[in-house]
Structure formats: C-alpha cells, structure tokens
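In what follows, a structure is listed as structure tokens, so that the remarks can point back to it.
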Amino acid sequence: MATRFTNLASFNQTCKSFLLLCCLMPTLALAQAWPTKQPIKLVAVFPPGGSVDQVARIIAPVLSQQLGQSVIVENKGGASGVIGTSAVLASPADGYTFAVVFDTHGVNQSLMPNMPYDSKKDLVPLILVGTSAMVLTSNVGNEYKTFADVVAAAKAKKNVSFGTIGNGSLGHLAMALLGKNANLEFNHIPYKGGGPLMTDAVAGHVPLAMGTVFLSKPHIDNKRIRPLAVTSLKRVPEFPEIPTIAEAGYPGFEAPAWWALLASAKTPPEIVKRMNDELNKVLQNPEISQKLSAQGIEISGGSVDKAKTFIDKQIDTWAKVVRDNNIKPD
C-alpha cells in the first residue's frame, strides 16, 4: 500500500512539473526567439532635442549592431514622461518596446494625481545609464556673482527668483529641498522646458536658473550665464572651479539628474537580463562613453538591482520633498 501511495505521489508531482513546463514554454520560446521577431523600439519619453532624446539616439546604433536587429527611437513626450512610459506599458511585454526616462520618473508618482501606473511595481529598470549634476546659474549681468551671494539674498528675504524646466521638476525640488533644510526663501518660476528657460536666463529675464549640465553648458561656454554651484556631491569635470552646494555649507546635499532604460515588469526575466548585459556593453564602448561624457553624463551601468535600488531611493526621497513643500503639478 505504501508503495502505491508513493507511486501516486510521484505521478502527481510529475504531472505538476509537466503542467508548469507547459505554462513556461511560451515564455521560454519567446525569450529564445528574441530579438529576431521585429525591430526594437526605444521610446524617448520627452520631445526631440532634449537630453533623453540624445541618450536614446546615442545608444540605439550600437545596441542594434550588438543584437543584429534594428533599434529605432520614437519620441512620445508629455506629462513629464508619463505619456511615453504609459505607451510602453500598453505595448506587449515581449522585449521589443522599452522606455528611456529622465529623473522626472522619480518624481511623477508623488506629484501626479491619478497616475496610470505604479512606478515601482509596474516597471523594471534595465540599466541606470548615468547621472549628472545640475548647475545653478545666474545671468552675467545680475548681482549674483557667487553662490554665497544667492544665500545672503535669500536669508535677507530679497525675493530671490529662480527658473526651472517646470513645476515639480528635479531642479524645482532641489531648490525646495535646499530652502527647507537651510531656512532660505526662494521664488520658483516654472518654464515649459529647457529651451524657454535658457532663453530667459540668457536674456536676464530670470536671475537664476537650475538645469542640467547638458542644458546649461553651451551658454556657460559662451559666457552668457555664470555657474554658481552644482548639485552633485563632488565637483564636475566641466566646471572644476565651481563648488558643490554640499561644500558651500550644506553637507550631504545631493540632487542628481539621471537617465535610465525601463521595461514592463511583465517582460520575461531572460530578456531583462540579456538587455542589461547588452546595455552594459554599449556603455563600455569608448565612443559611446565619450559621447555621453560630452553631454555631462557620468556613466553608471551595472546590474538591474543596482538600478532599481537607485531609482526606488529617488522616488522615496522626492516624495518627501513634494509632501513637505506641498508641491503641485502644473
């Protein structure tokens, strides 16, 4: 009798294993066939010409060469990246559609009402491409010659105004964090993107601007705006003489801009792993490294877990700043 029950148990286990294998076979077949089925699409979640578009277009050709498959870039801007990311999640999770996102991805969950997805649960990072300092700049003709000048004016409640690429942008939140921690008063002026911000910064219509190195550097190089401080923990190679906000009297202050590639969390893990491997190879390519560095981006790379840890921390950090300062979207 014992033998009969043992055989029955063994039979049941075999059946379960067979059924599990049947369930997994479509996923395994999909992963094995990838990426031969069709071109891969990188959805840049901001319009053409910005840093997200540039990062996607720098990566795409080399990734295509490595995979032996066409890689196309499609721009789907709007709602600080939510529209493009939603489009990726609406596509089949088969490894042919990925999102290229900016640091706004770390803010949207806490800032946007009625988000159509959960930034932590519905998406899996493929890789953290890199980070960059933001830089606080002033028009060359105004009174702010150093970061200390800005702090002194803010302490004196002189209505210190600064512009950013938009309400709830990382530049906005960085200045809100600084103001809250240091008891400084700033007046935020939101713009509809980097182009309008830099136009007014160069013309002197806004006294201060907070933007990425990518956005600000051409105008700094032309001596039309002046760099005062950077938001990274260490000084940046582009402006080695410019202090960090941390070393200017606010230890530990850090607010990096960043770029990443994401996939639907339903994407087969074998494809996620392969894409992570291939993207790391892309970032290790000397030509790609040089191009990204020229945009002021410090390359990160590494594992999926490394990217997820970084992005989840960003989401948590800026959620607190949004709550503490009662920041609302445009």
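The values are calculated or read from the model by the stated rules, or taken from the named source; none is laboratory data. Computed from a predicted structure; not experimentally measured. Heads up, the Cβs are rebuilt from the backbone with ideal geometry, glycines too, and the neighbour counts pull from every protein chain shown.
State whether the residues of segment 96-105 include one that is farther than 25 Å from residue 194 by Cβ, touching a strand residue (DSSP E or B) at 6+ places or on another chain (Cβ under 7 Å) and either charged (D, E, K, R) or at pLDDT 95 or above (or both). Please lay out each step first, then the result.
The first filter runs over segment 96-105 and keeps only residues farther than 25 Å from residue 194 by Cβ, leaving 96-97.
Those left that are additionally touching a strand residue (DSSP E or B) at 6+ places or on another chain (Cβ under 7 Å): 96-97.
Those still in the list that are either charged (D, E, K, R) or at pLDDT 95 or above (or both) too: 96-97.
There is at least one residue in segment 96-105 that is farther than 25 Å from residue 194 by Cβ, touching a strand residue (DSSP E or B) at 6+ places or on another chain (Cβ under 7 Å) and either charged (D, E, K, R) or at pLDDT 95 or above (or both).
For segment 230-253, enumerate the residues that are within 15 Å of residue 216 (Cα to Cα) and in contact with a helix residue (DSSP H, G or I) (Cβ under 7 Å, 6 or more places away or on another chain).
Within segment 230-253, 231, 236, 238 qualify.
Just to be sure I understand, how many residues within segment 316-325 are aliphatic (A, V, I, L, M) and surrounded by fewer than 17 Cβ atoms within 10 Å (Cβ to Cβ)?
Residues in segment 316-325 being aliphatic (A, V, I, L, M) and surrounded by fewer than 17 Cβ atoms within 10 Å (Cβ to Cβ): 1 in total.
Only one of (1) in contact with a helix residue (DSSP H, G or I) (Cβ under 7 Å, 6 or more places away or on another chain); (2) more than 23 Å from residue 89 (Cα to Cα); (3) small (Gly, Ala, Ser) is not met by residue 294, so which one is it?
Only one criterion in (1) in contact with a helix residue (DSSP H, G or I) (Cβ under 7 Å, 6 or more places away or on another chain); (2) more than 23 Å from residue 89 (Cα to Cα); (3) small (Gly, Ala, Ser) is unmet by residue 294, namely (1).
Here's the yes/no breakdown for (1) touching a residue at least 40 places away in the same chain (Cβ under 8 Å); (2) in the same structural domain as residue 295 (by TED's automatic domain parsing); (3) under 17 Å from the mean Cα position of the chain (by Cα); (4) not in a helix (DSSP H, G or I):
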site: 48; (1), (2), (3), (4): no, yes, yes, yes
site: 57; (1), (2), (3), (4): no, yes, yes, no
site: 62; (1), (2), (3), (4): yes, yes, no, no
site: 85; (1), (2), (3), (4): yes, yes, yes, no
site: 99; (1), (2), (3), (4): yes, yes, yes, yes
site: 106; (1), (2), (3), (4): yes, yes, yes, no
site: 110; (1), (2), (3), (4): yes, yes, yes, no
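Give the residues of segment 200-217 that are of a type outside the set (Val, Ile, Thr), farther than 9 Å from residue 162 by Cα and either more than 26 Å from the chain's Cα centre (by Cα) or at pLDDT below 95 (or both), sorted by residue number.
203, 204, 205, 211, 214, 215, 216, 217
Table: residues versus (1) more than 19 Å from residue 298 (Cα to Cα); (2) among the charged types (D, E, K, R); (3) outside any loop (DSSP other than H, G, I, E, B); (4) touching an Asp or Glu at 6+ places or on another chain (Cβ under 8 Å).
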residue	(1), (2), (3), (4)
149	yes, yes, yes, yes
158	yes, yes, no, no
163	yes, no, yes, yes
202	yes, no, yes, no
211	no, no, yes, no
216	no, no, yes, no
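Specify which of the listed residues (184, 170, 177, 197) is touching a Lys or Arg at 6+ places or on another chain (Cβ under 7 Å), outside the structural domain of residue 109 (by TED's automatic domain parsing) and not basic (Lys, Arg).
On the way: 170 fails: touching a Lys or Arg at 6+ places or on another chain (Cβ under 7 Å); 177 fails: touching a Lys or Arg at 6+ places or on another chain (Cβ under 7 Å); 197 fails: touching a Lys or Arg at 6+ places or on another chain (Cβ under 7 Å).
The unique qualifying residue is 184.
Output the residues belonging to segment 301-323 that are over 18 Å from residue 115 (Cβ atoms) and over 12 Å from the mean Cα position of the chain (by Cα). Give the steps one after another, and end with the answer.
At the first step, the residues of segment 301-323 found to be over 18 Å from residue 115 (Cβ atoms) are 301-310, 313.
Correct list: 301, 302, 303, 304, 305, 306, 309, 313.
Take the conditions modelled with pLDDT under 95 and in contact with a strand residue (DSSP E or B) (Cβ under 7 Å, 6 or more places away or on another chain) and apply them to residue 238. Does it pass? Break it down stepwise before answering.
On the way: modelled with pLDDT under 95: yes; in contact with a strand residue (DSSP E or B) (Cβ under 7 Å, 6 or more places away or on another chain): no.
In short, no.
Output the residue which, of all residues in segment 103-138 that are out of contact with any Phe, Trp or Tyr (no Cβ under 8 Å at 6 or more places or on another chain) and of a type in the set (S, T, N, Q), is farthest from residue 170 (Cα to Cα).
Checking each candidate, the answer is 114.
Is there any pair with a first residue in segment 251-280 that is modelled with pLDDT of 95 or more and surrounded by fewer than 23 Cβ atoms within 10 Å (Cβ to Cβ) and a second that is assigned to a helix (DSSP H, G or I) and among the small types (Gly, Ala, Ser) whose Cβ atoms are under 6 Å apart and which are 6 or more apart or on different chains, and what are they?
268/31; 270/31; 271/31
Of all the residues that make up segment 179-205, how many are surrounded by fewer than 22 Cβ atoms within 10 Å (Cβ to Cβ) and aliphatic (A, V, I, L, M)?
The total comes to 5.
What are the residues in segment 131-146 that are small (Gly, Ala, Ser) and touching a helix residue (DSSP H, G or I) at 6+ places or on another chain (Cβ under 8 Å), if any?
132, 133, 138 - these are the residues of segment 131-146 that are small (Gly, Ala, Ser) and touching a helix residue (DSSP H, G or I) at 6+ places or on another chain (Cβ under 8 Å).
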